[in-house]
Amino acid sequence: MTHAGSCHCGRIAFELDGDVTTAMECNCSMCRRKGALLAFFPREALRLTTPESDMATYRFNTHRIGHHFCPTCGIAPFGEGTDPRTGAQTAAVNVRCLPDVDLDALKINKFDGASL
Ligand SMILES: [Zn+2]
């Protein structure tokens with residue numbers, strides 16, 4: 001299944017190949033502020049349809065994850081980084097930015113990122 005995703009104003013837009021049935025709710029210092037619900041995909045499953053240079057990127061702590069956000073509307077549709085176990089490029093998609101996903105139907109897995 002292909003989902004269309006975007007920030008609020010549309011400056012960041014993408015297509016995502018994959019099924020979204022679960023999402024992770026993390027309590028780390030970043031996620032608790034953003035309120036993101038995350039689902040993880042191989043980076044190749046996500047195709048940006050807007051210029052990469054239109055995204056702003058925030059990094060903190062180990063700087064391994066690029067937390068992308070829109071400099072116009074402030075919404076953060078996804079982040080990307082390397083999975084430390086497999087070395088694979090991974091996209092962490094904020095499923096709240098996929099309008100066709102029924103958030104109430106998702107199984108939410110809590111992740112204790114604050115304890116890392
Ligand atoms: Zn935007």
> Which strands (runs of 3 or more DSSP E) sit wholly inside region 61-103 and have at least 2 residues that are more than 15 Å from the ligand (Cβ to nearest atom) and open to solvent by less than 50 Å² (accessible area, probe 1.4 Å)?
Replying inline: 78-82, 89-94
>> Of everything in region 11-32, what is in contact with a Ser or Thr (Cβ under 8 Å, 6 or more places away or on another chain) and either over 14 Å from ALA91 (Cβ atoms) or within 16 Å of the ligand (Cβ to nearest atom) (or both)? Give them in sequence order.
In response: ARG11, ILE12, ALA13, PHE14
> Do you know which residues across region 104-116 are in a strand (DSSP E or B) and exposed (fewer than 10 other Cβ atoms within 10 Å of the Cβ)?
Replying inline: LYS107, LYS110
> Of everything in region 31-60 that's assigned to a loop (DSSP other than H, G, I, E, B) and within 17 Å of CYS97 (Cβ to Cβ), which residue is most open to solvent (accessible area, probe 1.4 Å)?
Replying inline: THR49
> Would region 10-30 turn up any residue that is over 22 Å from ASN109 (Cα atoms) and open to solvent by 70 Å² or more (accessible area, probe 1.4 Å)?
Replying inline: yes
> Of the residues in region 1-16, how many are of a type in the set (A, V, I, L, M) and either touching a Phe, Trp or Tyr at 6+ places or on another chain (Cβ under 7 Å) or without any contact (Cβ under 8 Å) to a residue 60 or more places away in the chain (or both)?
Replying inline: 3
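The values are calculated or read from the model by the stated rules, or taken from the named source; none is laboratory data. Keep in mind the model is a prediction, meaning the values are calculated, not measured. Glycine gets a Cβ as well: all are built from the backbone with ideal geometry, and neighbour counts include every protein chain shown. Just so you know, the surface numbers come from the protein's heavy atoms only, side chains and all, with ligands and any DNA or RNA stripped out. Shrake-Rupley method; radii C 1.70, N 1.55, O 1.52, S 1.80 Å.
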